[in-house]
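What follows is one structure encoded as C-alpha coordinates, with my remarks underneath.
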Amino acid sequence: MFETEINTSVAKAAAWLHKGEVVGIPTETVYGLAGNALNEDAVLKIFKAKNRPHFDPLIVHVHSIAAIEKYAAHIPPKAKLLLQKFSPGPLTVLLPKRECIPYLVTSGLDTVAIRVPNHPLTLQLLQEIDFPLAAPSANPFGYISPTSSYHVYDQLHGRIPYILDGGVTDVGVESTIVGFVDDEVVVNRLGGLAVEEIEKVVGKVRVETQQSANPKAPGMLQHHYAPKKKMFLLESAGKATDLEAGYILYNEHLPYISHQNQILLSPAGNLSEAAKNLFAAMRQLDKSDVSAIYAIRFPEMGLGRAINDRLYRASVNE
Ligand code: TXA
Ligand code: MG
(Lines give C-alpha, C1' and ligand atoms only; values in the text may rest on other atoms or scores of the structure.)
(Ligands and ions follow the chains in the order given, each with its own letter.)
Protein backbone atom coordinates (compact mmCIF):
# COMPACT_ATOMS: atom_id res chain seq x y z
CA MET A 1 0.00 0.00 0.00
CA PHE A 2 1.14 3.53 -0.78
CA GLU A 3 0.14 6.97 0.40
CA THR A 4 -0.63 8.23 -3.13
CA GLU A 5 0.66 11.74 -3.81
CA ILE A 6 -0.73 13.98 -6.58
CA ASN A 7 1.82 16.59 -7.61
CA THR A 8 3.14 18.50 -10.64
CA SER A 9 6.81 17.67 -9.91
CA VAL A 10 8.40 15.82 -12.85
CA ALA A 11 11.51 15.12 -10.75
CA LYS A 12 9.45 13.21 -8.19
CA ALA A 13 7.85 11.11 -10.94
CA ALA A 14 11.29 10.34 -12.36
CA ALA A 15 12.56 9.30 -8.91
CA TRP A 16 9.76 6.75 -8.43
CA LEU A 17 10.25 5.39 -11.94
CA HIS A 18 13.99 5.00 -11.32
CA LYS A 19 13.10 2.92 -8.26
CA GLY A 20 11.08 0.57 -10.49
CA GLU A 21 7.68 1.81 -9.28
CA VAL A 22 4.71 2.77 -11.46
CA VAL A 23 3.13 6.24 -11.53
CA GLY A 24 0.14 7.95 -13.13
CA ILE A 25 1.12 10.25 -16.01
CA PRO A 26 -0.89 12.76 -18.05
CA THR A 27 -1.01 12.52 -21.83
CA GLU A 28 -3.11 14.46 -24.33
CA THR A 29 -5.50 11.46 -24.67
CA VAL A 30 -6.07 9.86 -21.27
CA TYR A 31 -3.91 9.33 -18.16
CA GLY A 32 -1.47 6.43 -18.32
CA LEU A 33 -0.13 4.07 -15.67
CA ALA A 34 3.57 4.18 -16.44
CA GLY A 35 6.60 2.05 -15.63
CA ASN A 36 10.06 1.41 -17.11
CA ALA A 37 9.30 -0.58 -20.29
CA LEU A 38 12.73 -2.24 -20.15
CA ASN A 39 12.29 -3.49 -16.55
CA GLU A 40 10.08 -6.59 -16.33
CA ASP A 41 9.44 -6.14 -12.60
CA ALA A 42 8.08 -2.65 -13.22
CA VAL A 43 5.95 -3.91 -16.11
CA LEU A 44 4.52 -6.66 -13.89
CA LYS A 45 3.53 -3.98 -11.37
CA ILE A 46 1.54 -2.20 -14.10
CA PHE A 47 -0.49 -5.33 -14.88
CA LYS A 48 -1.03 -5.93 -11.18
CA ALA A 49 -2.10 -2.37 -10.27
CA LYS A 50 -4.87 -2.37 -12.88
CA ASN A 51 -5.78 -6.07 -12.72
CA ARG A 52 -4.95 -6.42 -16.37
CA PRO A 53 -4.56 -9.83 -18.02
CA HIS A 54 -1.07 -10.43 -19.37
CA PHE A 55 -2.39 -11.19 -22.86
CA ASP A 56 -3.28 -7.51 -23.35
CA PRO A 57 -0.15 -5.73 -24.72
CA LEU A 58 1.01 -2.29 -23.55
CA ILE A 59 1.85 0.88 -25.47
CA VAL A 60 5.43 2.18 -25.17
CA HIS A 61 5.87 5.96 -24.80
CA VAL A 62 8.97 7.84 -25.99
CA HIS A 63 9.92 11.51 -26.39
CA SER A 64 10.75 11.64 -30.11
CA ILE A 65 10.67 9.88 -33.47
CA ALA A 66 14.43 9.36 -33.08
CA ALA A 67 13.73 7.44 -29.86
CA ILE A 68 11.25 5.21 -31.72
CA GLU A 69 14.15 4.02 -33.86
CA LYS A 70 15.87 2.71 -30.73
CA TYR A 71 13.01 0.31 -30.00
CA ALA A 72 11.59 -0.52 -33.45
CA ALA A 73 13.65 -2.61 -35.87
CA HIS A 74 12.12 -1.00 -38.93
CA ILE A 75 9.86 1.97 -39.76
CA PRO A 76 7.97 1.57 -43.07
CA PRO A 77 7.81 4.75 -45.22
CA LYS A 78 4.09 5.33 -44.54
CA ALA A 79 4.67 4.99 -40.80
CA LYS A 80 7.41 7.57 -41.04
CA LEU A 81 5.15 9.98 -42.93
CA LEU A 82 2.42 9.64 -40.30
CA LEU A 83 4.86 10.05 -37.43
CA GLN A 84 6.38 13.15 -39.00
CA LYS A 85 2.96 14.69 -39.44
CA PHE A 86 1.26 13.65 -36.16
CA SER A 87 3.94 13.13 -33.49
CA PRO A 88 3.82 14.15 -30.75
CA GLY A 89 0.11 13.40 -30.81
CA PRO A 90 -2.65 10.79 -30.47
CA LEU A 91 -1.10 8.32 -32.93
CA THR A 92 0.24 4.86 -31.95
CA VAL A 93 2.10 2.84 -34.58
CA LEU A 94 2.61 -0.93 -34.56
CA LEU A 95 6.19 -1.72 -35.59
CA PRO A 96 8.50 -4.75 -35.46
CA LYS A 97 10.13 -4.63 -32.03
CA ARG A 98 13.81 -4.71 -31.22
CA GLU A 99 15.07 -7.31 -28.76
CA CYS A 100 15.41 -4.83 -25.87
CA ILE A 101 11.58 -4.59 -25.58
CA PRO A 102 10.46 -7.47 -23.31
CA TYR A 103 7.82 -9.85 -24.64
CA LEU A 104 5.95 -9.12 -21.41
CA VAL A 105 5.23 -5.63 -22.83
CA THR A 106 3.97 -6.94 -26.20
CA SER A 107 2.21 -10.04 -24.80
CA GLY A 108 4.47 -12.25 -26.86
CA LEU A 109 3.93 -10.38 -30.15
CA ASP A 110 6.87 -9.43 -32.38
CA THR A 111 5.40 -5.96 -32.88
CA VAL A 112 5.51 -3.11 -30.39
CA ALA A 113 2.87 -0.37 -30.09
CA ILE A 114 4.72 2.91 -29.69
CA ARG A 115 3.86 6.60 -29.54
CA VAL A 116 5.07 10.10 -28.64
CA PRO A 117 2.47 11.59 -26.26
CA ASN A 118 1.76 15.30 -26.59
CA HIS A 119 1.82 16.57 -23.01
CA PRO A 120 4.50 19.00 -21.83
CA LEU A 121 5.02 17.38 -18.40
CA THR A 122 5.26 13.85 -19.77
CA LEU A 123 7.57 14.92 -22.60
CA GLN A 124 9.80 16.56 -19.98
CA LEU A 125 9.66 13.38 -17.89
CA LEU A 126 10.62 11.22 -20.91
CA GLN A 127 13.59 13.54 -21.54
CA GLU A 128 14.75 13.20 -17.94
CA ILE A 129 14.74 9.42 -17.75
CA ASP A 130 16.86 7.16 -19.95
CA PHE A 131 14.24 4.49 -20.61
CA PRO A 132 10.87 4.36 -22.44
CA LEU A 133 7.60 4.12 -20.49
CA ALA A 134 5.12 1.30 -20.91
CA ALA A 135 1.71 2.73 -20.07
CA PRO A 136 -1.84 1.46 -20.45
CA SER A 137 -4.69 3.75 -19.53
CA ALA A 138 -4.71 4.29 -15.74
CA ASN A 139 -8.03 2.59 -14.95
CA PRO A 140 -8.92 -0.83 -13.58
CA PHE A 141 -9.13 -3.25 -16.53
CA GLY A 142 -12.39 -2.82 -18.47
CA TYR A 143 -13.52 0.40 -16.72
CA ILE A 144 -13.75 3.92 -18.18
CA SER A 145 -10.39 5.57 -18.94
CA PRO A 146 -9.31 8.52 -16.73
CA THR A 147 -9.14 12.03 -18.15
CA SER A 148 -8.00 13.81 -14.96
CA SER A 149 -5.58 13.09 -12.11
CA TYR A 150 -8.58 12.90 -9.81
CA HIS A 151 -10.04 10.02 -11.85
CA VAL A 152 -6.75 8.14 -11.43
CA TYR A 153 -6.67 8.83 -7.71
CA ASP A 154 -10.27 7.80 -7.28
CA GLN A 155 -9.58 4.29 -8.54
CA LEU A 156 -5.90 3.56 -7.95
CA HIS A 157 -5.02 5.40 -4.72
CA GLY A 158 -3.11 3.13 -2.39
CA ARG A 159 -1.92 0.99 -5.32
CA ILE A 160 0.58 3.52 -6.74
CA PRO A 161 2.87 6.02 -4.99
CA TYR A 162 2.48 9.01 -7.29
CA ILE A 163 0.33 10.75 -9.91
CA LEU A 164 1.91 13.45 -12.06
CA ASP A 165 -0.81 16.07 -12.30
CA GLY A 166 -1.18 17.54 -15.77
CA GLY A 167 -4.76 18.76 -15.51
CA VAL A 168 -7.65 17.57 -17.63
CA THR A 169 -6.61 15.81 -20.85
CA ASP A 170 -7.12 17.64 -24.13
CA VAL A 171 -8.28 14.93 -26.52
CA GLY A 172 -10.22 12.72 -24.12
CA VAL A 173 -10.16 9.39 -26.01
CA GLU A 174 -7.21 7.03 -26.46
CA SER A 175 -4.77 7.24 -29.34
CA THR A 176 -5.58 5.87 -32.79
CA ILE A 177 -3.64 2.62 -33.32
CA VAL A 178 -2.28 2.08 -36.81
CA GLY A 179 -0.54 -1.01 -38.23
CA PHE A 180 1.28 -1.55 -41.52
CA VAL A 181 0.61 -4.72 -43.50
CA ASP A 182 2.73 -4.94 -46.63
CA ASP A 183 2.13 -1.48 -48.06
CA GLU A 184 -1.30 -1.08 -46.53
CA VAL A 185 -2.21 1.13 -43.57
CA VAL A 186 -4.65 -0.52 -41.17
CA VAL A 187 -6.42 1.30 -38.33
CA ASN A 188 -6.72 -1.19 -35.44
CA ARG A 189 -8.30 1.15 -32.91
CA LEU A 190 -10.28 4.30 -33.67
CA GLY A 191 -9.05 7.11 -31.44
CA GLY A 192 -8.06 10.73 -30.98
CA LEU A 193 -6.59 11.12 -34.47
CA ALA A 194 -9.43 11.04 -37.02
CA VAL A 195 -9.24 8.55 -39.91
CA GLU A 196 -9.84 11.46 -42.32
CA GLU A 197 -6.63 13.13 -41.10
CA ILE A 198 -4.63 9.93 -41.63
CA GLU A 199 -6.08 9.50 -45.13
CA LYS A 200 -4.98 13.02 -46.10
CA VAL A 201 -1.39 11.83 -45.62
CA VAL A 202 -1.34 8.20 -46.81
CA GLY A 203 -4.52 7.81 -48.87
CA LYS A 204 -7.29 5.29 -48.23
CA VAL A 205 -6.81 3.10 -45.15
CA ARG A 206 -8.49 -0.09 -43.98
CA VAL A 207 -10.34 0.16 -40.66
CA GLU A 208 -10.24 -3.18 -38.88
CA THR A 209 -11.40 -2.83 -35.30
CA GLN A 210 -12.53 -6.23 -34.13
CA GLN A 211 -15.82 -6.28 -32.33
CA SER A 212 -15.26 -9.54 -30.50
CA ALA A 213 -12.71 -11.12 -28.16
CA ASN A 214 -9.32 -11.11 -29.85
CA PRO A 215 -6.24 -12.12 -27.88
CA LYS A 216 -4.08 -9.98 -30.20
CA ALA A 217 -5.73 -6.73 -29.20
CA PRO A 218 -7.94 -7.04 -26.14
CA GLY A 219 -8.30 -3.24 -25.95
CA MET A 220 -10.67 -4.14 -28.75
CA LEU A 221 -12.66 -6.52 -26.54
CA GLN A 222 -16.30 -6.04 -27.17
CA HIS A 223 -17.09 -5.14 -23.56
CA HIS A 224 -14.64 -2.45 -22.48
CA TYR A 225 -14.52 1.19 -21.33
CA ALA A 226 -17.66 0.30 -19.39
CA PRO A 227 -19.37 1.96 -16.42
CA LYS A 228 -20.75 -0.18 -13.56
CA LYS A 229 -24.31 0.83 -14.42
CA LYS A 230 -25.94 -0.72 -17.45
CA MET A 231 -25.36 1.32 -20.54
CA PHE A 232 -27.23 1.29 -23.86
CA LEU A 233 -26.45 2.82 -27.23
CA LEU A 234 -29.55 4.03 -29.11
CA GLU A 235 -29.71 4.71 -32.83
CA SER A 236 -32.09 7.66 -32.52
CA ALA A 237 -33.67 10.06 -30.02
CA GLY A 238 -37.12 8.53 -30.59
CA LYS A 239 -36.05 5.45 -28.62
CA ALA A 240 -35.06 7.46 -25.54
CA THR A 241 -38.08 6.90 -23.32
CA ASP A 242 -36.71 5.86 -19.91
CA LEU A 243 -37.48 8.80 -17.58
CA GLU A 244 -35.29 7.53 -14.71
CA ALA A 245 -32.16 7.07 -16.83
CA GLY A 246 -29.22 9.37 -17.55
CA TYR A 247 -28.46 10.44 -21.12
CA ILE A 248 -25.21 11.23 -22.94
CA LEU A 249 -26.04 13.47 -25.91
CA TYR A 250 -24.24 15.47 -28.55
CA ASN A 251 -25.66 18.98 -28.74
CA GLU A 252 -29.42 18.90 -28.14
CA HIS A 253 -31.50 18.13 -25.08
CA LEU A 254 -34.35 15.62 -25.19
CA PRO A 255 -37.50 17.69 -24.53
CA TYR A 256 -39.38 15.10 -22.43
CA ILE A 257 -36.54 14.04 -20.07
CA SER A 258 -35.49 16.08 -17.03
CA HIS A 259 -32.50 18.28 -18.01
CA GLN A 260 -30.75 17.21 -14.85
CA ASN A 261 -30.44 13.69 -16.27
CA GLN A 262 -28.88 14.80 -19.55
CA ILE A 263 -25.29 15.67 -20.37
CA LEU A 264 -24.59 17.48 -23.65
CA LEU A 265 -21.00 16.70 -24.66
CA SER A 266 -20.78 19.74 -26.94
CA PRO A 267 -23.63 22.27 -27.04
CA ALA A 268 -21.73 24.02 -29.86
CA GLY A 269 -21.78 20.83 -31.96
CA ASN A 270 -18.04 20.13 -32.10
CA LEU A 271 -17.08 16.43 -32.18
CA SER A 272 -13.57 17.03 -30.79
CA GLU A 273 -15.04 18.84 -27.80
CA ALA A 274 -17.54 15.98 -27.39
CA ALA A 275 -14.70 13.41 -27.34
CA LYS A 276 -12.89 15.45 -24.70
CA ASN A 277 -15.95 15.33 -22.41
CA LEU A 278 -17.09 11.75 -23.08
CA PHE A 279 -15.41 9.72 -20.32
CA ALA A 280 -16.01 12.30 -17.58
CA ALA A 281 -19.71 12.28 -18.49
CA MET A 282 -19.84 8.48 -18.27
CA ARG A 283 -18.18 8.61 -14.84
CA GLN A 284 -20.53 11.35 -13.64
CA LEU A 285 -23.64 9.38 -14.58
CA ASP A 286 -22.14 6.17 -13.20
CA LYS A 287 -21.78 7.92 -9.80
CA SER A 288 -25.19 9.56 -9.90
CA ASP A 289 -28.47 7.89 -8.94
CA VAL A 290 -29.86 7.39 -12.46
CA SER A 291 -31.16 3.87 -13.13
CA ALA A 292 -29.12 3.26 -16.29
CA ILE A 293 -27.13 5.20 -18.88
CA TYR A 294 -28.26 5.77 -22.46
CA ALA A 295 -26.37 7.39 -25.29
CA ILE A 296 -27.59 8.27 -28.77
CA ARG A 297 -25.23 7.50 -31.64
CA PHE A 298 -23.01 10.42 -32.73
CA PRO A 299 -22.36 11.51 -36.33
CA GLU A 300 -20.05 8.88 -37.86
CA MET A 301 -17.28 11.30 -38.90
CA GLY A 302 -14.14 12.84 -37.39
CA LEU A 303 -13.85 11.97 -33.69
CA GLY A 304 -17.51 10.91 -33.78
CA ARG A 305 -16.26 7.51 -34.98
CA ALA A 306 -14.08 7.02 -31.88
CA ILE A 307 -16.96 8.23 -29.67
CA ASN A 308 -19.35 5.69 -31.23
CA ASP A 309 -16.73 2.95 -30.85
CA ARG A 310 -16.35 3.65 -27.10
CA LEU A 311 -20.11 3.95 -26.58
CA TYR A 312 -20.65 0.66 -28.40
CA ARG A 313 -18.05 -1.19 -26.33
CA ALA A 314 -19.37 0.30 -23.09
CA SER A 315 -22.90 -0.86 -23.87
CA VAL A 316 -24.73 -4.07 -23.33
CA ASN A 317 -24.71 -5.72 -26.73
CA GLU A 318 -25.83 -9.26 -26.12
O1 TXA B 1 -3.94 7.06 -25.73
C2 TXA B 1 -3.46 5.98 -25.42
O3 TXA B 1 -3.09 5.15 -26.27
C4 TXA B 1 -3.35 5.66 -23.93
C5 TXA B 1 -2.33 6.61 -23.31
C6 TXA B 1 -2.04 6.29 -21.88
O7 TXA B 1 -1.16 6.59 -24.08
N8 TXA B 1 -3.00 4.30 -23.72
C9 TXA B 1 -3.86 3.25 -23.93
O10 TXA B 1 -3.37 2.01 -23.56
O11 TXA B 1 -4.96 3.40 -24.39
P12 TXA B 1 -4.29 0.75 -23.34
O13 TXA B 1 -3.43 -0.25 -22.68
O14 TXA B 1 -5.50 1.10 -22.63
O15 TXA B 1 -4.55 0.21 -24.78
C16 TXA B 1 -3.50 -0.39 -25.46
C17 TXA B 1 -4.02 -1.25 -26.55
C18 TXA B 1 -4.12 -2.72 -26.19
O19 TXA B 1 -5.28 -3.05 -25.54
C20 TXA B 1 -4.05 -3.35 -27.56
O21 TXA B 1 -5.33 -3.32 -28.13
C22 TXA B 1 -3.17 -2.41 -28.34
O23 TXA B 1 -3.06 -1.25 -27.60
N24 TXA B 1 -1.81 -2.94 -28.54
C25 TXA B 1 -0.71 -2.77 -27.78
N26 TXA B 1 0.34 -3.42 -28.30
C27 TXA B 1 -0.10 -4.02 -29.42
C28 TXA B 1 0.52 -4.83 -30.42
N29 TXA B 1 1.81 -5.14 -30.37
N30 TXA B 1 -0.27 -5.26 -31.42
C31 TXA B 1 -1.59 -4.93 -31.50
N32 TXA B 1 -2.22 -4.16 -30.59
C33 TXA B 1 -1.48 -3.71 -29.57
MG1 MG C 1 -7.32 1.11 -21.77
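The values are calculated or read from the model by the stated rules, or taken from the named source; none is laboratory data. Just so we're clear, the structure is a prediction, and the values are computed from it rather than from any experiment. Here Cβ is always computed from backbone atoms with ideal geometry, including for glycine, and neighbour counts include all displayed protein chains. Surface areas here come from the heavy atoms of the whole protein model, side chains and all, with no ligands, DNA or RNA. Shrake-Rupley method; radii C 1.70, N 1.55, O 1.52, S 1.80 Å.
What the table shows:
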quantity	calculated
Size of charge dipole - segment 108-197 - debye, nearest 20, with Cβ of Lys, Arg +1 and Asp, Glu -1, no other charges	440
Cα-centred dipole magnitude for the chain, charges only on beta-carbon of K, R (+1) and D, E (-1), debye, nearest 20	240
Solvent-accessible ranking of Glu5, Glu40, Glu252, Glu28, largest area first, probe 1.4 Å	Glu252, Glu40, Glu5, Glu28
Trypsin sites (Lys or Arg not before Pro) within segment 12-75: DSSP coil, no more than 11 neighbouring Cβ in 10 Å	Lys19
Selected from Ala113, Ala11, Ala226 as most flexible by GNM, with the chain as the system and alpha-carbon contacts under 10 Å	Ala11
Full-extension gain in nm, Ser288 to Lys80, via 0.36 nm per residue minus C-alpha separation	70.4 nm
Alpha-carbon centroids, segment 237-304 and segment 88-162: separation in whole Å	29
Cα-Cα over 22 Å, subset of Lys70/Lys204; Lys45/Lys230; Lys19/Lys97; Lys50/Lys85; Lys19/Lys48; Lys50/Lys229	Lys70/Lys204; Lys45/Lys230; Lys19/Lys97; Lys50/Lys85
Gyration tensor verdict on segment 5-172 (Cα atoms; rounded if a/c is under 1.5, prolate if a/b is larger than b/c, oblate otherwise)	prolate
Shape call, segment 1-60: gyration tensor on alpha carbons, a/c limit 1.5	prolate
Highest-MSF residue in the chain out of Gln260, Gln84, Gln155 [GNM, Cα springs under 10 Å]	Gln260
Proximal aspartates and glutamates to Lys276, defined as alpha-carbon separation beneath 15 angstrom and excluding residues fewer than eight positions away on the same chain	Glu28, Asp170, Glu174, Asp309
The chain: translational diffusion in µm²/s, Stokes-Einstein, Kirkwood Rh over Cα pairs, 25 °C, 0.890 mPa s	124
